[in-house]
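For reference, the structure is listed below as structure tokens.
The values are calculated or read from the model by the stated rules, or taken from the named source; none is laboratory data. Bear in mind the structure is a predicted one, so any value in this text is a computation, not a measurement. Note: ideal-geometry Cβ built from the backbone for every residue, glycine included; neighbour counts use all protein chains shown. Areas reflect the complete protein model, heavy atoms only, side chains present, ligands, DNA and RNA absent. Shrake-Rupley method; radii C 1.70, N 1.55, O 1.52, S 1.80 Å.
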Amino acid sequence: MREEFVQRIISYIEEKALIGEGVRVFAGVSGGADSLCLLHVLSEYKNTHPFELRVIHVEHGIRGEESVEDARYVQAVCEELAVPCEVVSVDVPQAEKELGLSLEEAARVLRYEQFQAIANQSGDLIALAHHKEDQAETLLWQMIRGSDLKGLGAMRPKRECYIRPLLSVSRAEIEAYLTERGIIWRTDSTNEKTDATRNRMRLEVVPVLRQLNVGSVEHLCAMADRMQRLEDYMEQQTDEIYRNCVLSDIDHNKLTIREKLNDYPEILTERLFYRALTEVAGSAKDIGQIHVKALRELLSRQVGRRLDLPYGVRAHRTYDGIELCHNSQESKKVTGDAQLSEIITPQMVSMQVLERAQVREIPKKKYTKCFDYDKIKDIVKIRYPKEGDWLTIDEAGHTQKLKRYFVNEKIPAKERSRTLLLADGDHVIWVIGYRISSFYKVDEHTTRVLKVQIDGGIEDER
């Protein structure tokens, strides 16, 4: 079993071209079964394939002496295998308090910070020990979050600096391999707590699915693989249509989508409209199906019609097709009683969409805030209050009319109509200068963060 198991992983590494000759690979090793399996297989693989293998162990400072013993054990295993090992200590409990995250999410953020620092410094690869069950759990999570085709691909075997050589094997196979070799692994007691999302998925959801269908994990992994291949194919097709149907004027940040786009299937034209619009806008946030549909309709309208879109982008129906460019009229900044465009533009605010691991600390400044990007459903608007506005006032999900909030906060009536809002439809994301809606707060489930800075506000002062 041992030889067949190792060969299957090696075949997967080579099929996916995960490790090239002469590269340096840092394996993230916690001391648990998955990461120890990864270490031993990579150690065997480097005997016949020239690459440099090192280990990084992140000691989280969560479980006291138990955590320190994990680090010592990993160092001892690495010494036995003659693999250099770097132990990095981080203070997860402190980060939990500072960032306002769960213990699980704070640990993940700090761990990936260390991984990313290594990759940024030298361009090395980081090998992670995710296996089939991890892949199935990720796909399920993306599905219930309403992800798009790209998200339904779950974890890629290789993405940027990260590689996942064990995605072709199961947890049971990993433990059987280690047992056969007499390799003892460490057990993290926090993995049995169901207050963490990933643990609950693993301990409660996946076992139920296996009761319904013993092959459920295998089927979910196969589905993720099909979604990855489908996404790659769709991207290739979109590239081809883009070359045939889009004329680019880089100097003026302008694109022309040619009328011949109508010759292609709708599902591909939608992707092209989306790509073209986000390219001119300079951001994908707030670009959705409503804008894609509007562009498709514009292509069927008469010459001369115009359409205003997010980020100050204007679409103009011409004889050639649709011209996309920035509106030449600059929007005013968010100051005093200035009249505002309802669509956020770069001139009005600074917005960044970041991966959760990139946000080390949630700002507590008056005019710089962070929000859960994936909870925003409509076009983000900056505007004055209107009838029907409401916000979520606590973690339990209780809501309150904006009018009542103004009264409770004793905001003078004459100021209420001039108080700026960041809004998701009628749901107020942020009463600017006052509070944010509890619904949009960054929490342990957040994967992407929208960072908003009003009127170029200086974070250290505002």
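Amide H to amide H, with H built 1.01 Å from N, Thr447 comes under 5 Å of Asp374, counting only residues 5 or more places away or on other chains. Shown for region 51-95 is the translational diffusion coefficient from the Stokes-Einstein equation, using the Kirkwood radius over Cα pairs, a temperature of 25 °C and a viscosity of 0.890 mPa s: 221 µm²/s. In this structure the amide hydrogen of Ala27, modeled in the peptide plane, comes within under 5 Å of the amide hydrogens of Arg54, Val55, Ile56, Ala127, none closer than 5 places in sequence on its chain. Given +1 at the Cβ of Lys and Arg, -1 at the Cβ of Asp and Glu and no other charges, the dipole of region 1-118 around its Cα centre is 240 debye to the nearest 20. Applied to region 314-320, the Karplus parametrisation 6.51 cos²θ - 1.76 cosθ + 1.60 on θ = phi - 60° returns per-residue 3J(HN,Hα) values of 10, 9, 10, 6, 10, 5, 7 Hz, with x for Gly and Pro.
Inter-label distance, Val208 to Ile184: 3.7 nm, where each label sits 7 Å from its Cα along the C-beta direction.
Any chance you could run the full-extension gain for Glu175 through Ser283? It's 0.36 nm times the residue separation minus the Cα-Cα distance, nm to one decimal.
Numbers: separation 108, 0.36 × 108 = 38.88 nm, distance 4.44 nm.
Extra length available between Glu175 and Ser283 comes to 34.4 nm.
In plain terms, the chain from Asp232 to Glu80 could stretch by 50.6 nm, reckoned as 0.36 nm per residue minus the Cα-Cα distance. Over the residues of the chain, the helix contribution to mean residue ellipticity at 222 nm works out to -12000 deg cm²/dmol, using -39500 (n - 2.57) for each DSSP H run of at least 4. At 1.4 Å probe size, with the rest of the protein present, what percent of the exposed accessible area of the chain is carbon and sulfur atoms? Of all accessible area on the chain, carbon and sulfur atoms account for 48 percent. Once the gyration tensor of the Cα atoms in region 206-313 is diagonalised, the equivalent ellipsoid follows with semi-axes of 36, 15, 14 Å, ordered largest first.
In region 17-120, the ratio of gyration radius to Kirkwood radius, Rg to Rh, stands at 1.01 when only Cα atoms are counted. Label-to-label distance for Glu355 and Leu247 is 3.9 nm, based on points extended 7 Å past Cα in the beta-carbon direction. Rounded to 0.05, the FRET efficiency of the Arg200 and Tyr319 pair, given R0 = 56 Å and the Cβ-Cβ distance, is 0.45.
Given the Cα atoms of the chain, and with Rh set as the inverse mean 1/r over their pairs in the Kirkwood sense, what is Rg to Rh to two decimals? Numbers along the way, then the final one.
Working: Rg = 25.5 Å, Rh = 25.2 Å.
Expressed as Rg/Rh, it is 1.01.
Computed about the Cα centre, the dipole magnitude for the chain is approximately 2040 debye when only Lys and Arg (+1) and Asp and Glu (-1) carry charge, each at its Cβ.
Look at the Cα gyration tensor of region 85-192: its axes a ≥ b ≥ c give a/c under 1.5, and that counts as rounded.
Enter the mean projected area of the convex hull around the alpha-carbon atoms of region 125-253, in nm², rounded to one decimal. Display every interim value, and only then the final one.
Details: hull surface 47.6 nm².
Result: 11.9 nm².
Relative contact order, whole percent, for the chain stands at 12, derived from Cα pairs under 8 Å and 6 or more residues apart. Going through the cross-link list Lys132/Lys377; Lys377/Lys451; Lys375/Lys410, which pairs have a Cα-Cα distance over 20 Å in this structure? From Lys132/Lys377; Lys377/Lys451; Lys375/Lys410, over 20 Å: Lys132/Lys377; Lys375/Lys410. According to the square roots a ≥ b ≥ c of the eigenvalues of the Cα gyration tensor, what is the shape class of region 1-76, taking rounded for a/c under 1.5, prolate for a/b larger than b/c otherwise, and oblate for the remainder? Prolate, because a/c is 1.5 or more and a/b exceeds b/c.
Between Thr399 and Glu44, the contour length at 0.36 nm per residue exceeds the Cα-Cα span by 122.0 nm. Comparing Cys78, Ala315, Phe371 along the charge dipole axis of the chain, the residue lying farthest to the positive side is Ala315, per the Cβ-charge model.
When averaged across all projection directions, what area in nm² does the alpha-carbon convex hull of region 220-271 cover?
Working: hull surface 17.8 nm².
With the hull built on Cα positions only, its mean projection is 4.5 nm².
Taken per residue, the accessible surface of the chain reaches 51 Å², heavy atoms only and a 1.4 Å probe. Here the Kirkwood formula puts the hydrodynamic radius of region 352-407 at 13.9 Å, using every distinct Cα pair. Annotation: for a label point projected 7 angstrom from Cα along Cα→Cβ of Asp148, residues of region 217-252 with backbone N closer than 19 Å are 224-243, 246.
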